[in-house]
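Working notes, beginning with the structure itself.
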Amino acid sequence: MKFFVTLLLCAALCLPAAMARAADNEESQAFEAATKWLALCDAGRYPESWREASSFFRGAITETAWTDALTGIRKPLGAVKDRTRQSFVLARSLPGAPDGSYIVLTYDTVFANKANAVETVTFMLDKDGSWRAAGYFIK
């Protein structure tokens with residue numbers, strides 16, 4: 001019985017630390033995926049960014065529509081001069097999206113032709129276990 005109580009106490013003390021490490025790892029993986037995906041967009045590789053997006057994203061917009069929309073939005077802004085992550089929010093549900101694991105990242109971005117922009121990128125844990133883009137907005 002004493003062994004069981006000790007084991008239970010150890011588990012109770014270790015579990016929060018393990019959960020914190022898991023959340024940090026989840027955030028790190030999502031942030032890395034977002035950085036790579038944004039680099040595709042920054043390079044004008046819009047069709048590839050669509051192919052690397054989540055199945056939810058690809059089901060919501062065709063590759064052609066995505067490429068046309070992003071070309072129309074990003075081209076006038078010019079090259080990215082600076083991007084600073086401002087916030088992130090982990091979520092299990094978002095309006096208009098299926099329940100799952102999400103991270104919403106916001107960046108203060110300086111483009112060549114727009115000094116003060118805010119990019120919001122939503123990533124989701126896709127069916128294959130990879131973090132993939134589920135949404136992208138520029139203000």
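If each residue's Cβ is checked for other Cβ atoms within 10 Å, how do PHE57, PHE88, PHE137 rank with the fewest at the top?
If I rank by nearby Cβ atoms, fewest first, I get PHE137, PHE88, PHE57.
What is the fewest-to-most order of THR120, THR62 by other Cβ atoms lying within 10 Å of their Cβ?
Placing the least packed residue first, the sequence is THR62, THR120.
Take LYS81 and ALA117, extend 7 Å from each Cα along the Cα→Cβ direction, and tell me the distance between the two endpoints in nm.
About 1.2 nm separates the two model spin labels.
Compute the distance from the alpha-carbon center of the range 93-139 to that of the range 21-59, in whole Å.
8
Run down the lysines and flag those whose C-alpha is under 16 Å from the C-alpha of LYS114, throwing out any fewer than 8 positions away in its chain.
Candidates past the 8-residue exclusion: LYS75, LYS81, LYS139.
Order of VAL118, VAL110, VAL80 from fewest to most other C-beta atoms within 10 Å?
The fewest-first ordering by Cβ neighbours comes to VAL118, VAL110, VAL80.
Quick one: net charge of LEU77's neighbours, Cβ under 11 Å, K/R +1, D/E -1?
With Lys, Arg at +1 and Asp, Glu at -1, the net is +2.
What does the charge count near ASP68 come to, summing +1 for each Lys or Arg and -1 for each Asp or Glu among other residues with Cβ under 13 Å from its Cβ?
For residues surrounding ASP68, the net value is +1.
Checking the cross-link filter: which aspartates and glutamates have an alpha carbon closer than 20 Å to that of LYS36, excluding same-chain neighbours under 8 positions apart?
List returned: ASP24, GLU26, GLU27, GLU48, GLU52, GLU63, ASP82, ASP108, GLU119, ASP126, ASP128.
Let a ≥ b ≥ c be the square roots of the eigenvalues of the Cα gyration tensor of the range 41-139; is it rounded (a/c under 1.5), or, if not, prolate (a/b larger than b/c) or oblate?
oblate
Each value in this text was obtained by applying a stated rule to the coordinates, not by laboratory testing. Fair warning: this is a prediction, and the values are worked out from it, not measured in the lab. Note that each Cβ is placed from the backbone with ideal geometry, even for glycine, and that neighbours are counted across all protein chains shown.
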